[in-house]
Amino acid sequence: MRISVLGTGYLGATLAAGLAQLGFDVVGVDTDKTKIKSLSEGDVPFYEPGMEEVLRTSLASGRLRFSTELAEAAEGAEVHFICVGTPQRRGENAADLRYVDGLVDSLAPLLRRDCLVVGKSTVPVGTAARLASRLRELAPAGAGVHLAWNPEFLREGFAVADTLHPDRIVVGVADPADEAVLREVYAAPLAEGTPWVATDLATAELVKVAANAFLATKISFINAMAELCEATGADVVALADALGHDQRIGRRFLNAGLGFGGGCLPKDIRAFIARAGELGADEALSFLKEVDAINLRRRERVVELARAEVGGDLHGVRVGVLGAAFKPDSDDIRDSPALTVAGQLQLQGATVNVYDPKAMDNARQLFPTLGYADSALAACRDADIVLHLTEWREFRDLDPARLGEVVSCRRVLDARNTLDPLAWRAAGWTYRGLGRP
C-alpha cells in the first residue's frame, strides 16, 4: 500500500516516519520547502525524543520520501492522510479550518482514481461530512473517493511510541470497505492487541475533543483544589494522592501547578465550546469556560506569589526562570504558561533570565526581550528568586546546595510541585509550592 501524508508538521512528520517504519511506502507532502528539505536530509525541525532515529531509519530504507508536489502524491497513493493544523481563529474561540479546507480543495481535483482520504486533524464535529461531500463534488473519481476520520492522540514527548504503539485506534467510516483498508494500515499495532473502535464520522470527530476536554477538566479541577488548599493551609499534593487511590478517579493528571498549555489543549476546548454554541448546545459545555478560566488564573497566581515573595514589588528584582517549553521533553512554546509568566514578570519590572534544555531558540523568537542563559546555573546567577516553571528532569535533579551558591537569595517558587521541598529547605532555601503549606 502506498500512502501520502499531507502536512508535515509535528503530527504529519511523525506519522509519515512511523508508517514507513511499519513497512509502507510513504510520501510526506508540504508547501514549506525548507521543512521538506530538512526532513529529506533526516533533520527533524522540532524536538521529539526518538524521532530523529525513526526518520533516518525510514529514509534509509527507501520507504519514505518528502515532496512539495501534491499532484505526485495524489497520483501515487491509495490512502491520503490529512495532517494540517487547525489553529484557533484570530479573535474568536472557533477553529480556523482554512488549511483543511484549502488542502481538500487542492487535492480533490487531482484524484482521478478510487482512494481513501483519512482526516487526522482535530476539527469541529460535522466537518468530516462536509468534506466528504466536497471531495465527491470536486474529484474526477467522484463517488470512488471516500473519506474516513482517524483522530490522533499523540502526546508530545511520547509521539513516536504513540504512533507505533497507540493505546487505541479510533476510525470513523461510512463504508465497511474503508474500515478494512484502515485495518490493513494499522495491522501491526492491532496484532499487538491495540483496541480498535470503529464508529461513524461524527463520533470519531468528537472523541479527540472530548478526550482533551476531560483531561483539561481534570487538570483544572485539581488546580481549583489548590486554590482552596492555599486558603485553608491544606496540602494539595497529599489531597491528590488520597483522591488518586479512588479507582473511579485515578492519580494521573492530578498534579496541581501552573496549568496546561501547548498547541492543542487550550485551543481545542475553546473550539469545542464554540462548536457547541453553533449547534445550539452551548449549555452542555458551559463548564469548560470555567475550566479555561481556572487554567489561565494559575499563571496570574504564580506572578502574584513571586511578587509577594520578594516583598510586593518586582521592580529591579532579578528572576531566574527554569523552563520555557509548555511541557518537558518538547521544544513547543505555543501558549506556554512558563513564557507567559516570564513575560508578565518582566512587564512588572523584573529582570528575567530564562533557561530551557530544548526550547531556547523558539523562546527567543517569540519573546526576544527576555534574557536567556545557557544553563540553569547561569539563569539563576545573582537571582533574588528562582521560578520552576517547566518540569524537566534536569531541574528536578538540580543540587539545591550548588544552585544556592550562585543566587543572591535562596528563594524558590515551585510552580510545578515536582521539586523535593525537604531537600531544598535543608539546603537553606525558602520553598513555596502551589497549594502547599
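The values are calculated or read from the model by the stated rules, or taken from the named source; none is laboratory data. What you see is a predicted model, and the numbers here were worked out from it, not measured in a lab. For neighbour counting, all protein chains shown are included, and Cβ atoms are generated from backbone atoms with ideal geometry for every residue, glycine included.
Worth a mention:
- The residue list 350, 363 contains one member that is surrounded by 20 or more Cβ atoms within 10 Å (Cβ to Cβ), more than 23 Å from residue 332 (Cβ to Cβ), of a type in the set (A, V, I, L, M, F, W, C) and in contact (Cβ under 8 Å) with a residue 24 or more places away in the chain, which is 350.
- Among (1) farther than 26 Å from residue 196 by Cβ; (2) touching a residue at least 24 places away in the same chain (Cβ under 8 Å), the one test that residue 126 misses: (1)
- Residue in region 277-293 that is small (Gly, Ala, Ser) and surrounded by 20 or more Cβ atoms within 10 Å (Cβ to Cβ) present: no
- Residue selected from region 166-185 under the condition surrounded by 14 or more Cβ atoms within 10 Å (Cβ to Cβ) and not β-branched (Val, Ile, Thr), by the criterion nearest to residue 2 (Cα to Cα): 182
Conditions tested, residue by residue: (1) of a type outside the set (D, E, K, R); (2) in contact with an Asp or Glu (Cβ under 9 Å, 6 or more places away or on another chain); (3) in the same structural domain as residue 392 (by TED's automatic domain parsing).
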| residue | (1), (2), (3) |
| --- | --- |
| 323 | yes, yes, yes |
| 327 | no, yes, yes |
| 352 | yes, no, yes |
| 361 | no, yes, yes |
| 369 | yes, no, yes |
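- Of the residues making up region 5-29, those that are in a loop (DSSP other than H, G, I, E, B) and out of contact with any strand residue (DSSP E or B) (no Cβ under 8 Å at 6 or more places or on another chain) are 9, 22, 23.
- Qualifying helices (runs of 4 or more DSSP H) (wholly inside region 261-369; at least 1 residues being among the β-branched types (Val, Ile, Thr)): 265-278, 287-309, 337-347
- Selection within region 30-68 - assigned to a helix (DSSP H, G or I) and either modelled with pLDDT under 95 or basic (Lys, Arg) (or both): 33, 35, 37, 56
- Region 303-315 residues that are free of Cβ contacts under 8 Å to residues at least 60 places away in the same chain and more than 14 Å from residue 415 (Cα to Cα), paired with ones that are in a loop (DSSP other than H, G, I, E, B) and of a type in the set (S, T, N, Q) (beta carbon under 6 Å, 6 or more apart): 314/348
- Among the residues here, residue 54 does not qualify as touching a helix residue (DSSP H, G or I) at 6+ places or on another chain (Cβ under 7 Å) and within 24 Å of residue 98 (Cβ to Cβ).
- Set side by side, the residues 98, 112, 90 differ, and just one is of a type in the set (D, E, K, R) and in contact (Cβ under 8 Å) with a residue 24 or more places away in the chain, which is 112.
- Scan of region 396-437 for residues that are assigned to a strand (DSSP E or B) and among the hydrophobic types (A, V, I, L, M, F, W, C), ordered by number: 412, 413
- Pairs where the first residue, in region 381-395, is in a strand (DSSP E or B) and the second is acidic (Asp, Glu) and surrounded by fewer than 24 Cβ atoms within 10 Å (Cβ to Cβ), C-beta under 8 Å, 6+ apart: 385/309
- Residue 85 falls short of the stated requirement of being free of Cβ contacts under 8 Å to residues at least 24 places away in the same chain, small (Gly, Ala, Ser) and either assigned to a loop (DSSP other than H, G, I, E, B) or surrounded by fewer than 15 Cβ atoms within 10 Å (Cβ to Cβ) (or both).
- Residue within region 186-197 that is in the same structural domain as residue 8 (by TED's automatic domain parsing), within 25 Å of the chain's Cα centre (by Cα) and buried (at least 17 other Cβ atoms within 10 Å of the Cβ) present: yes
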